[in-house]
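One structure below.
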Amino acid sequence: MSLFTEFTIFVLAIFVGFEVISKVPTTLHTPLMSQTNAIHGIVMLGGLIVLGYAGDGLEYVIGTIAVAFGAINIVGGFLVTDRMLGMFAKKPKPQVSPASSASRPGAVDKDEDKGEGSGK
Amino acid sequence: MISLAVLPPGGDAATALYIVSFSLFILGLKQGTHPTTAKRGNMIAAVGMAVAVVTTLLLDGMGNWGLIAIGLAIGSAVGAYASIRVKMTEMPQMVALYNGVGGGAVALIAWSEIRHGIHLGGAMPLQELIPTLLAGIIGSVSFWGSNIAFAKLQDLIPTRPLGVPGQQFINAILGIGVIVLAVIIAINNDPPSQGLFILILIAAAILGNLVVLPIGGADMPVVISMLNAFTGLSAAAAGFALDNVALIVAGTLVGSSGTILTMEMATAMNRSVGNILFSGFGGAPAAVAGSGEQRPVTSIGAQDAAIKLAYADNVVIVPGYGLAVAQAQHAVKEMANQLEARGVTVNYAIHPVAGRMPGHMNVLLAEADVPYENLKEMDEINPEMPRVDVAVVIGANDVTNPAAKNDPNSPIAGMPIIEVSEANEVIVIKRSLSTGFAGIDNDLFYEPNTSMLFADAKAAASEIAAEIEQL
């Protein structure tokens with residue numbers, strides 16, 4: 001691939017990245033970061049490729065560590081993101097049973113006292 | 001040695017599969033724009049990764065399968081274990097570590113590329129060498145910078161800014177030195193010098209250490225986001241070096257994401273990224289603390305707080321990192337449950353830098369089963385504040401300080417805040433009147449409609465919940 005083809009891809013990817021990511025709400029920024037950690041694990045491909053042509057002990061070690069680092073990113077990143085997003089997906093807990101709340105006088109008093117609070 | 005060798009590297013089939021892979025990444029990120037679809041989006045991205053990895057394993061020239069298996073096994077085991085065990089309060093550390101290993105992997109790949117270039121003999125083409133050098137530099141800076149960020153977040157080293165005299169000067173020298181070395185390697189590229197390349201890795205490593213060490217705890221959200229962007233860029237550089245389109249696109253996506261988050265965090269603190277990196281401000285107990293005079297505060301107990309809250313219509317909880325430190329999320333949720341059972345509307349106002357990383361507070365509250373619909377962003381809740389009966393500030397300080405709006409001389413002047421002082425009443429749950437990260441007095445505590453509840457966040461929230469139940 002020519003350098004300029006690669007540059008074209010790079011520049012377009014910047015625009016796509018900004019367009020897509022800027023629509024992610026603040027609420028999801030932490031899962032977004034761990035998910036991008038996982039996507040960054042794509043560098044494992046580089047580790048695999050250099051291991052492919054590794055020729056001596058040092059290169060074996062370097063390549064293996066690079067693959068392991070990449071795998072940490074991929075496996076750890078996707079799993080922890082999944083775990084976090086599971087928390088967001090949870091249905092809201094049913095509120096304290098209506099029977100017990102209805103029996104409380106507070107629900108009735110509340111309007112009068114609120115007036116005092118807002119007057120402050 | 002066995003080799004599957006189905007796909008020629010750089011061939012049409014491999015490239016087509018890489019295109020499928022990065023398209024799935026983009027689709028996955030697109031689904032991440034809503035909490036209900038984000039989980040599926042994550043799966044889609046994971047499938048994209050599987051496609052990319054399998055494609056690469058099928059390339060002609062793959063080998064050393066035993067070592068690949070070892071690397072995969074160790075990395076997967078570590079990653080899986082960490083992701084299952086990590087507490088949500090520790091997510092910033094985890095992301096810092098992931099940034100670190102990501103950067104480290106790129107630096108190692110770059111080193112391997114240089115060695116490969118030397119083995120091949122002859123001049124290494126500049127269009128391969130230059131991105132390799134960039135990948136090495138950025139990768140090494142992110143690896144070491146992230147390790148320091150991790151150590152700070154984990155309290156292994158002090159979170160206050162650590163600096164040496166003439167720091168800026170040393171950083172500048174290191175930065176220039178790295179560039180000069182890179183230029184020398186590029187000029188004498190027949191073959192490239194491995195010794196000088198290792199020197200670059202070392203200088204970049206020192207630079208990574210020195211840049212992050214002076215940054216205080218409060219600025220960590222910016223640092224983590226920025227290192228995230230760096231690792232992305234390093235991956236893209238490695239993609240250029242290896243002629244791999246999947247790396248270029250995926251790395252660029254990560255880089256864009258980190259850049260957007262960095263800018264958002266800096267805006268939320270009303271500071272430039274340069275100021276954060278080079279001023280050593282965050283976490284500094286600055287000398288500006290208060291005017292020294294004793295001002296009167298209204299102090300209340302849990303019972304009074306419970307009464308104020310129970311008879312309100314509209315309550316907003318403003319959580320800060322103190323809430324996470326006290327592990328008070330669940331107690332606060334219990335308090336909110338009690339209020340909601342009485343018909344009180346409870347929302348949460350989240351400042352962008354309420355945690356130790358972007359969106360951290362939202363995750364902590366989601367873990368405590370707070371529905372995400374109730375998590376309101378700063379810009380969404382501020383116009384509502386005058387209609388709020390009681391705002392409860394728990395473990396937050398600087399982000400509620402009206403001085404940011406009213407006092408042009410304040411160190412935090414202009415920082416966007418959650419305007420709790422606009423609410424009819426404010427209850428601040430805090431252990432003492434001590435200052436926040438900015439080291440300045442919070443005028444909010446002394447306002448006539450503010451009541452201070454001096455207690456540990458978790459204990460106070462549980463007590464208030466119990467009191468509300470008794471009412």
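The coefficient of translational diffusion for the stretch B:311-370, derived via Stokes-Einstein from the alpha carbon Kirkwood radius under 25 °C and 0.890 mPa s, stands at 209 µm²/s.
For the stretch A:22-82, the average shadow cast by the Cα convex hull is 4.5 nm², which is a quarter of the hull's surface. Computed over the protein assembly as shown, the convex hull of the alpha-carbon atoms projects to a mean area of 27.0 nm².
Max-minus-min Cα coordinates of the stretch B:104-231 on each principal axis give 49, 28, 20 Å, with the largest extent listed first. Between 0 and 90 degrees, the angle of helix B:329-341 with respect to the longest Cα principal axis of chain B falls at about 50 degrees. Summarised in one figure, the compactness ratio Rg/Rh of the stretch B:84-179, Cα atoms and Kirkwood Rh, is 1.10. For chain B, the longest principal axis of the C-alpha atoms and the axis of helix B:167-187 are separated by about 20°.
If you average 1/r over every pair of different alpha-carbon atoms in the stretch B:300-448 and take one over that average, what Kirkwood value in Å do you get? Across the stretch B:300-448, the inverse of the average 1/r is 15.3 Å. Think of it as helices only: each DSSP H run of n ≥ 4 in chain B is worth -39500 (n - 2.57), and spread over all residues that comes to -19000 deg cm²/dmol at 222 nm. Computed over the stretch B:167-239, the P(r) tail beyond 21 angstrom holds 38 percent of alpha carbon pairs.
By the Kirkwood approach, averaging reciprocal distances over each pair of separate Cα atoms, chain B gets a hydrodynamic radius of 24.5 Å. Once the Cα atoms are used to define both axes, helix B:457-470 deviates from the longest principal axis of chain B by about 50 degrees. Annotation: the stretch B:129-189 has a Kirkwood hydrodynamic radius of 13.5 angstrom, from the mean reciprocal C-alpha pair distance.
The numbers here are math on the coordinates, done by the rules we state, and not lab data. The structure displayed is predicted, hence computed values, not measured ones.
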